[in-house]
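First up is the structure itself, then whatever we jot down about it.
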Amino acid sequence: MVQIRGATFTGTADVWVLGDAMVAFLAEARALYARLDGTASLSSISPGAFALSVERIDAAGHLGVRGRLAQFATEYAWRGRFDFELAFTDRWEFEELRAFTDDLAACLDAAGPSRAG
C-alpha cells in the first residue's frame with residue numbers, strides 16, 4: 001500500500017512493486033545522496049498506478065520529488081480507467097533523502113528475502 005499525505009489531503013492505493021525494483025531504487029537513492037547528483041526512480045508493475053522520482057534540481061543541493069498514485073476503477077476491470085489519480089511534487093533537502101532511504105531500507109530488511117510485491 002502506498003499513502004501520499006499532504007497538509008489537507010491523503011491518497012492511498014494498493015499497488016504492486018517488484019522487490020528487486022525497490023532494491024534498485026534504494027541503491028539509486030543512496031548513490032544520489034552520496035554523489036549529490038543523479039536520479040532515483042520507482043514504478044509499479046501496473047502501468048500508471050504508481051511512479052516516484054527524486055532528482056537534484058539546483059546548485060544548492062535541493063531535490064525535486066515527483067510522482068503519481070492512482071487507484072484502478074474496479075467496475076471497469078482495468079481498461080485504463082482510474083477511480084482517482086493524484087500527481088504530486090515536493091522539494092526536499094538532502095538530509096530528507098537520507099531519512100527516506102533509511103526508512104525504506106528498514107522496511108526492506110523487515111520484509112526479508114521474499115520482498116517481491
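Label-to-label distance for Asp109 and Ala21 is 2.5 nm, based on points extended 7 Å past Cα in the beta-carbon direction. Annotation for the range 1-58: chymotrypsin sites (Phe, Trp or Tyr not before Pro) lying in DSSP loop with at most 12 further Cβ atoms inside 10 Å of their Cβ are Phe9, Trp16. Within the shell defined by Cβ-Cβ distances under 12 Å, the residues around Arg56 carry a net charge of -2, with Lys and Arg each +1 and Asp and Glu each -1.
Listed values for the range 97-109 are Karplus-derived 3J(HN,Hα) couplings in whole Hz (6.51 cos²θ - 1.76 cosθ + 1.60, θ = phi - 60°), namely 5, 4, 4, 4, 5, 4, 5, 5, 4, 4, 5, 5, 5, and x replaces Gly and Pro.
Applying the Karplus relation 6.51 cos²θ - 1.76 cosθ + 1.60 with θ = phi - 60° to the range 11-23 yields 3J(HN,Hα) values of x, 10, 8, 8, 9, 9, 10, 4, x, 5, 5, 5, 5 Hz, where x marks Gly and Pro.
Here the dipole of the chain is about 220 debye; that uses its Cα centre as origin and unit charges on the Cβ of Lys and Arg (positive) and Asp and Glu (negative). Can you give the percent of C-alpha pairs in the range 2-111 whose distance is more than 21 Å? Summing the P(r) tail past 21 Å for the range 2-111 gives 40 percent.
All of the numbers you see were taken from the coordinates with simple rules; none came from a lab. Model, not experiment: these values are computed from the prediction. Positions of Cβ are backbone-derived with ideal geometry, glycine not excepted, and every protein chain shown enters the neighbour counts.
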